[in-house]
1. Can you pull out every residue in the range 66-86 that is surrounded by fewer than 17 Cβ atoms within 10 Å (Cβ to Cβ) and within 29 Å of residue 202 (Cβ to Cβ)?
2. Residues 193, 183: which one is more than 16 Å from the ligand (Cβ to nearest atom) and in contact with a Lys or Arg (Cβ under 6 Å, 6 or more places away or on another chain)?
3. Go through (1) of a type outside the set (S, T, N, Q); (2) more than 16 Å from residue 38 (Cα to Cα); (3) free of Cβ contacts under 8 Å to residues at least 40 places away in the same chain; (4) touching a Leu at 6+ places or on another chain (Cβ under 9 Å) one by one and return the number of the condition residue 144 breaks.
4. Would you say residue 73 is over 26 Å from residue 20 (Cα atoms), in contact (Cβ under 8 Å) with a residue 24 or more places away in the chain, more than 13 Å from the ligand (Cβ to nearest atom) and in a loop (DSSP other than H, G, I, E, B)?
5. Quick check: anything in the range 104-115 among the acidic types (Asp, Glu), in a loop (DSSP other than H, G, I, E, B) and in contact with a strand residue (DSSP E or B) (Cβ under 6 Å, 6 or more places away or on another chain)?
6. I need the full set of residues from the range 31-70 which are modelled with pLDDT under 95 and in a loop (DSSP other than H, G, I, E, B), in order please.
7. Starting from residues that are under 23 Å from the mean Cα position of the chain (by Cα) and polar (S, T, N, Q), keep the ones in the range 185-209 and report whichever is nearest to residue 10 (Cα to Cα).
8. Could you list, in sequence order, the residues of the range 47-63 that are over 15 Å from the mean Cα position of the chain (by Cα) and buried (at least 19 other Cβ atoms within 10 Å of the Cβ)?
Amino acid sequence: MTIKTATVNGVLTIEIARPEKKNALTRVMYQAMADALRAANDDKAVRAVLIQGQPDIFTSGNDIEDFMSSPPRDEDAPVFQFMRALLGCEKPVVAAVNGAAIGIGTTMLLHCDFVYVADDARLAMPFVSLGLVPEFGSSLVVPRLMGHRRAAEKLLLGDPFTGEQAAECGIANAVLPAAEVVNHARRVAERFNKLAPSAVRESKRLMQAPDREQLMAVIKTEAEIFGARLRSPEAMEAFQAFFQKRQPDFSKF
Ligand code: COA
């Protein structure tokens, strides 16, 4: 089982649990997360959602083998279903990040309502390093959060950044000792048990509404370019290099 879900005390926990592959996300895992998030909207017992990984890894991002063998073809692809479900989740979503959050591991945080990171967390959006482009609104949201220049370090150079830097640039709410992140995030999620659920839902919708149309348009454009780039010789070179445990050679392009 690579995605574990459980609802306890008003909180639906979605746990990414594929430690042998550093929690790399496959189509099956995206589908399971999409289904769980969609079900949460209609489940009165769920007041908030908690997304967590393992103690030493949040997620190493999209499974690179999946990228090569079965890239997402259209908007029904599980990865699109997952991100649509996250963006459309009417309940507050809290993320607890221990260890690395790479690629979509960081992208998904941009669309959570609360993000708590460990002091040993390491975030990165190395899309360009893989011959790809930013995804799911990150080309809009990241520069808005931190300004073009700091966004360029993360999105063009793919520089990794620490939990401390994530909090400082507005991606995370707070940095905590690694052993406390999940419990803290859970306590925040459980606070919604005492709040008026419809008021929470309406308020979240109001906060999202002003930028919604623009965000969805950017996501559509990014997806078109990302889809084409997945099949590009640059991306193929990067994927092969990853599995051959070497640096990619882009000198021939
Ligand atoms: N897709 C597929 N397999 C992955 C993976 C991914 N995104 N990330 C890790 N794995 C696999 C490795 O191939 C390895 O498999 P193996 O044991 O069969 O050789 C296993 O998980 C362990 O990974 P490894 O790289 O040996 O662990 P590490 O501790 O040295 O490094 C990471 C951890 C997360 C830093 C490193 O795995 C990494 O950079 N992963 C890819 C990140 C990435 O580029 N993601 C895509 C972003 S769009």
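The values are calculated or read from the model by the stated rules, or taken from the named source; none is laboratory data. Note that the structure is a prediction, hence the values are computed from the model and not measured. Virtual Cβ from ideal backbone geometry, glycine too; neighbours counted across all protein chains shown.
1. The answer is 75, and nothing else.
2. Just one listed residue meets the conditions, 193.
3. Residue 144 satisfies every listed condition except (4).
4. yes
5. Within the range 104-115, one or more residues are among the acidic types (Asp, Glu), in a loop (DSSP other than H, G, I, E, B) and in contact with a strand residue (DSSP E or B) (Cβ under 6 Å, 6 or more places away or on another chain).
6. Matches in the range 31-70: 70 only.
7. 203
8. Across the range 47-63, the qualifying residues are 47, 48.
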